[in-house]
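This report refers to the structure that appears directly beneath it.
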Amino acid sequence: MLNLERLRTLDALARHGSVSQAATCLHVTTSAVSQQMTKLEREVGQQLLAKYGRGVRLTDAGRLLADHAGRILSQVELAQSDLEAQRGQAVGELRIAAFPTAARGLFPHALVALRDEHPGLRVRSRELEPEEGAAAVFRGDLDLAVVLDWYNKPLPVPEGLAKAPLLDDPADIVLPKDHPLADRAEIALEELAEEDWITWPEGAYCADWLLYTLRAQDIEPRICHYAEEHHTQLALVAAGLGVCITPRLGRGRLPDDVSVVPVRQGVRRHVYAVWRADADRRPSIRAAVTALQAAGER
């Protein structure tokens with residue numbers, strides 16, 4: 001009989017393409033992955049992995065069994081979901097992630113509520129950018145992720161995921177306190193055509209959104225500084241090094257030397273939770289969504 005944990009290891013190898021990444025996904029050592037695969041090969045009587053350069057690749061038999069493993073694990077998840085739904089209690093382990101400002105703005109209140117209202121539920125959380133979070137849920141590495149769409153740029157979400165809205169998150173322009181536009185009631189994006197910009201790292205979803213949005217206004221932005229953390233961006237603005245756009249969720253205290261002005265175009269992010277549709281009946285998923293929605297209303 002095939003061992004479920006060994007099939008899970010094979011599935012992780014097939015999805016991630018390397019022993020080290022599979023080990024990271026499964027929260028085990030690389031030697032544990034290798035041992036599981038050796039035992040699985042002994043069980044099926046066929047070679048499932050072959051050396052490929054400095055790494056490994058799946059053999060034809062390995063790919064065939066990995067296809068079955070994915071379907072088997074999906075059925076197991078569906079069975080667990082149905083059993084949990086029949087019991088009607090949020091119990092067991094729930095793995096969740098959110099992009100950094102949502103983790104800061106939503107997780108403290110939501111996770112405390114889950115701990116207090118569902119003592120049998122163990123929640124493990126982490127930060128992941130929206131595209132990474134959605135992909136991790138699709139692969140089965142996470143149970144739920146908090147992701148976002150910008151108002152004019154939807155996030156590509158894999159098929160097979162269910163979702164629920166959490167909140168709409170407005171974003172504002174942040175300027176140095178002595179900037180000529182700092183006292184305005186609102187600012188149009190086209191008024192910032194000649195500004196130096198501070199933004200997220202190149203290739204990040206929100207950085208791509210900023211370029212897309214400004215170019216739609218016939219503005220070729222002059223990006224001078226890249227910073228992953230919002231608080232770093234705000235510190236650079238406070239030093240007079242440029243302007244940035246900052247969502248309100250998880251913003252925290254602003255430096256004294258900046259001014260925050262709403263955008264006339266009504267720039268906002270749509271924040272929502274995603275999970276696998278085959279886990280839709282799990283009370284733990286429903287409990288987490290309810291807690292996140294309540295945190296978003298605070």
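The values are calculated or read from the model by the stated rules, or taken from the named source; none is laboratory data. Please read these numbers as outputs of a predicted model, since none were measured by experiment. So basically every Cβ, Gly included, is an ideal-geometry build from the backbone, and we count neighbours across all protein chains shown. Calculation scope for accessible area: heavy atoms of the full protein, side chains included, ligands and nucleic acids excluded. Shrake-Rupley method; radii C 1.70, N 1.55, O 1.52, S 1.80 Å.
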If you take the beta carbon distance between His270 and Ala61 as r and set R0 to 25 Å, what does 1/(1 + (r/R0)^6) give as a FRET efficiency, to the nearest 0.05?
0.05
Per residue Cα convex hull volume for region 127-181, in cubic angstrom?
117
For Asp168 and Val44, calculate 0.36 nm times their separation in residues minus their Cα-Cα distance, and state this gained length in nm to one decimal.
39.5 nm
Listed residues Thr30, Gly45, Ala14: farthest to the positive end of the dipole of region 11-82 (Cβ charges):
Thr30
Based on the mean of other beta carbon atoms within 10 Å per residue, what is the order of 231-240, 50-59, most packed first?
231-240, 50-59
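Identify the GluC sites (Glu not before Pro) of region 132-223 meeting these criteria: DSSP loop state and at most 12 other C-beta atoms within 10 Å of the C-beta. List each step's numbers first, then the result.
Details: sites: Glu132, Glu159, Glu186, Glu190, Glu191, Glu194, Glu195, Glu202; in loops: Glu159, Glu186, Glu194, Glu195, Glu202.
Passing sites in region 132-223 are Glu159, Glu194, Glu202.
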Pop a pseudo-label 7 angstrom from the Cα along the beta-carbon direction at both Ala277 and Ala182 and give the gap in nm to one decimal.
5.2
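Antiparallel DSSP bridges in region 103-260: what percent, to the nearest 5? Intermediate results must be reported in sequence, preceding the final value.
Working: 8 of 13 bridges.
About 60 percent, rounded to the nearest 5.
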Please check: in the Gaussian network model of the chain (C-alpha springs, under 10 Å), which one of Leu148, Leu106, Leu94 has the largest mean-square fluctuation.
Leu94
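For region 1-76, take N as its residue count and report Rg(C-alpha) divided by 2.2 N^0.38 Å. List each step's numbers first, then the result.
Details: Rg = 11.1 Å, N = 76, 2.2 N^0.38 = 11.4 Å.
That works out to 0.98 for region 1-76.
Out of all DSSP beta bridges in the chain, what portion is antiparallel? Express it as a percent rounded to 5. Write down the numbers at each step before the final one.
Numbers: 30 of 46 bridges.
In the chain, approximately 65 percent of DSSP beta bridges are antiparallel ones.
Using just the alpha carbons, could you tell me how many Å³ per residue the convex hull of region 249-296 encloses? The partial results should precede the final answer.
Values: hull volume 5.1 nm³, N = 48.
Normalising the Cα hull of region 249-296 by residue number yields 106 Å³.
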Would you grab the residues whose amide H sits under 5 Å from the one on Phe99? Only those 5+ places off in sequence or on another chain, please, with H modelled 1.01 Å from N.
Leu128, Val146
For region 111-229, the percent of all C-alpha pairs falling in each 5 Å bin, from 0 up to the bin holding the max distance, is 2, 9, 15, 17, 17, 13, 10, 8, 6, 3, 1, 0
From Cα pairs below 8 angstrom and at least 6 apart in sequence, can you work out the relative contact order of the chain, rounded to a whole percent?
23
Going out from 0 in 5 Å bins, what whole percent of all Cα-Cα distances in region 1-40 drops into each bin?
6, 31, 39, 19, 4, 1
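If r is the Cβ-Cβ distance from Asp257 to Glu117 and R0 is 30 Å, what FRET efficiency results, to the nearest 0.05? Walk me through the numbers before you get to the answer.
On the way: r = 42 Å, r/R0 = 1.39.
Once rounded, the FRET efficiency stands at 0.10.
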Dividing the alpha-carbon radius of gyration of the chain by 2.2 N^0.38 Å (N being the number of residues), what value is obtained?
1.19
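In region 98-204, carbon and sulfur make up what percent of the accessible area (probe 1.4 Å)?
The C+S portion of the solvent-accessible surface of region 98-204 is 50 percent.
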Can you list, bin by bin at 10 Å, the percent of alpha carbon pairs in region 155-298, starting at 0?
11, 36, 30, 17, 7, 0
Calculate the FRET efficiency for Arg298 and Ser34 from the Cβ-Cβ distance with a Förster distance of 41 Å, rounded to the nearest 0.05.
0.30
Calculated on alpha-carbon atoms, Rg and Dmax of region 1-144 in Å:
17.4, 51
Run the simple label-point estimate for Gln89 and His109 please: 7 Å along Cα→C-beta, distance reported in nm.
2.8
For Gly240, list long-range residues whose amide hydrogen, built 1.01 Å from N in the peptide plane, is under 5 Å from its own amide hydrogen.
none
Write down the Kirkwood hydrodynamic radius of region 44-119, to one decimal in angstroms, obtained as one divided by the mean of 1/r over all alpha carbon pairs.
16.5
Which lysines have a Cα less than 25 Å from the Cα of Lys153, not counting those fewer than 8 places away in the same chain?
Lys163
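Per residue, how many Å² of accessible area does the chain show with a 1.4 Å probe? Don't skip to the end; give the middle numbers.
Working: 15050 Å² over 298 residues.
I get 51 Å² per residue for the chain.
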